[in-house]
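Derivation of every value follows stated rules applied to the coordinates shown; laboratory data play no part. Predicted model, so just to flag it, every value in this text is computed and none were measured. With ideal geometry, Cβ positions are generated from the backbone for all residues, glycine too; neighbour counts draw on all protein chains shown.
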């Protein structure tokens, strides 16, 4: 029931924002102009690069729960062709290490995603956002496809911007089904932000427990 409600909410947001983003007529004799960066505006057209870490406990047959530690990079893209809508894509690579007495090993973990998002302004500097799309994950040749939905709130106050929400994924190769996240960004120039993101697992899917993730990076706004 929660999954159906969340999916309906996501579709409602995207549908509503699609109508809001296309209802206004274009100026006479001119085409649609993509949004430009405005002072204190929340960004939906940007490119980000980050270093990421993750810590958790994972089950190993015959051993039990062992420490899981990963280290890698992530790339993300958002582009807003019209107001209230944006396109999203991203990917990551991580070196995943399992370590325990008598059990150790490393594996490459790749992810990718593509989707569409919509936002509804609650105030001029606080937006409710929902993004949904498809995601892919591969752990040393074992892979799966699924879909994800990410309802969250974005707010900007001066040079500071914050994103708070959760992500749900149906992909069986995802580290976790439900994750909560908090991203804090600081604007160092009108086009560049520095950010840090914390992630906490909200479920124990695939036996993964005590999940905590950290991303540190930069974002270029255009």
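Residues in region 178-189: is at least one in a strand (DSSP E or B) and touching a helix residue (DSSP H, G or I) at 6+ places or on another chain (Cβ under 9 Å)? Within region 178-189 (the criterion being in a strand (DSSP E or B) and touching a helix residue (DSSP H, G or I) at 6+ places or on another chain (Cβ under 9 Å)), the answer is yes, since at least one residue qualifies. Just one residue in the set 153, 192, 196, 216 is touching a strand residue (DSSP E or B) at 6+ places or on another chain (Cβ under 7 Å) and without any contact (Cβ under 8 Å) to a residue 24 or more places away in the chain; that residue is 196.
Among the residues of region 111-146, those that are closer than 18 Å to residue 58 by Cα and under 18 Å from the mean Cα position of the chain (by Cα) comprise 137, 138.
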